[in-house]
Amino acid sequence: MRLDKFLCDMQLGTRSQVKESIKKGLVTVNGTPVRTPDFKLDERNDMVTYMGQALTYQNLYYYMLHKPAGVVTATRDNHESTVMDLLSDVRGKDLSPVGRLDKDTEGLLLITNDGELAHKLLSPGKHVAKTYYVECTGTLTEEKQVLLENGVDIGDNELTRPAEVKLISQSDCSYIMELTITEGRFHQIKRMVQAVGGCVTYLKRLSMGTLSLDANLPKGACRPLTEKEILDLKQLTKTVSAR
Ligand code: URA
């Protein structure tokens, strides 16, 4: 890989900015200043420093965003704020959200430029579990709970796949549950609740596969995934399979 591309991938500036830095002698390879931007480098083994700081090659980036309500899940939008607007100051080219949360939905959103992992997590055949905290109007009878668990008609060709319901609380005209689904149909949770006669008033995603929303991450904030979180997700996409 060319030295200037390496530095661009590491988000150290635009191609012309990193070329300038190289020409100024701010970059060393294996201890020797290199002033030629097209210098060919073995990015896995050569030791590169920029202004004295050692750089470890990384071009795939993974972030957990605590999505607030009011922003759309898109990389860009002409009229609305997007989840990407909340990600200023992060490294990584071509980052995009993995799956969609509605504008009024909050909670866990994975953002990455690892297209392969994103594709596997979203693949309908993988059945990656997603757990939502759901506040609803109406009541959840045992009969309705069984319907949600076994599969309901939400107007598509097929019933929803089996889901898990954990009822948290219930009053005369509203209830709160955690609902785990293994699909990602359009407005799926809202349509499932409608199918049993209620309406979602608040929706928050708590987890996706092995990745759980960090309880210490404020709404609107993001943080890089830990090595373990990345490995666990990759491992999951190998083991979760079509049933
Ligand atoms: N189901 C919905 O209805 N909305 C979401 O944002 C996510 C799942």
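The values are calculated or read from the model by the stated rules, or taken from the named source; none is laboratory data. Keep in mind that what you see is a predicted model, and the values were worked out from it rather than measured. Note that we place each Cβ from the backbone using ideal geometry, even for glycine, and neighbour counts take in every protein chain shown. All accessible areas refer to the heavy atoms of the entire protein, side chains included, with ligands and DNA or RNA removed. Shrake-Rupley method; radii C 1.70, N 1.55, O 1.52, S 1.80 Å.
Some observations on this one:
- Amide H contacts of residue 72 (H built 1.01 Å from N, in plane; Pro and chain starts excluded): 81, 82, 83 sit under 5 Å, all sequence-distant by 5 or more or on other chains.
- Within the assembled protein chains, the solvent-accessible surface assigned to residue 239 is about 90 Å², based on a 1.4 Å probe.
- Prolate/oblate/rounded call for the stretch 93-172, Cα gyration tensor, a/c under 1.5 rounded: prolate
- Under 5 Å between amide hydrogens, built in the peptide plane, is the criterion, and for residue 201 it picks out 135, 136, 137 among residues at least 5 positions away or on other chains.
- Ranked order, 88, 212, 174 - accessible area, probe 1.4 Å, largest first: 88, 212, 174
- Accessible area per residue (1.4 Å probe, heavy atoms of protein chains only) ranks 84, 51, 64 as 51, 84, 64, with the largest value leading.
- Taking θ as phi - 60° and the Karplus parameters 6.51, -1.76 and 1.60, the scalar couplings of the stretch 111-119 work out to 10, 7, 10, 8, x, 5, 5, 4, 4 Hz in sequence order, x denoting glycine and proline.
- Separation between Cα centres of the stretch 136-203 and the stretch 1-37, rounded to whole Å: 54
- Probe 1.4 Å - accessible area at residue 135, Å² to nearest ten: 60
- Dipole in debye (nearest 20) - the chain, about Cα centre, beta carbon charges: Lys, Arg +1; Asp, Glu -1: 880
- Computed from label points 7 Å out along Cα-Cβ, the spacing between residue 89 and residue 75 is 2.4 nm.
- Shape of the stretch 177-243, Cα gyration tensor, a/c cut at 1.5: oblate
- Cα shape, the chain, gyration tensor, a/c 1.5 rule: prolate
- Sequence-ordered 3J(HN,Hα) estimates for the stretch 214-230 from the Karplus curve with 6.51, -1.76 and 1.60 and θ = phi - 60° stand at 5, 5, 8, 8, x, 4, x, 9, 9, 8, x, 5, 6, 4, 5, 4, 5 Hz, glycine and proline given as x.
- At q = 0.20 Å⁻¹ the log10 of I(q)/I(0) for the stretch 3-55 amounts to -0.56, computed by Debye summation with a single uniform scatterer per C-alpha, solvent ignored.
- Karplus-derived 3J(HN,Hα), 6.51/-1.76/1.60, for each residue of the stretch 12-24, Hz, glycine and proline x: 9, x, 6, 4, 6, 5, 5, 4, 4, 4, 5, 5, 6
- Exceeding the 32 Å Cα-Cα cut-off - candidates 5/219; 19/234; 120/190; 5/204; 166/219: 5/219; 19/234; 5/204
- Remark: accessible surface ordering of 79, 119 (largest first) is 79, 119, probe radius 1.4 Å.
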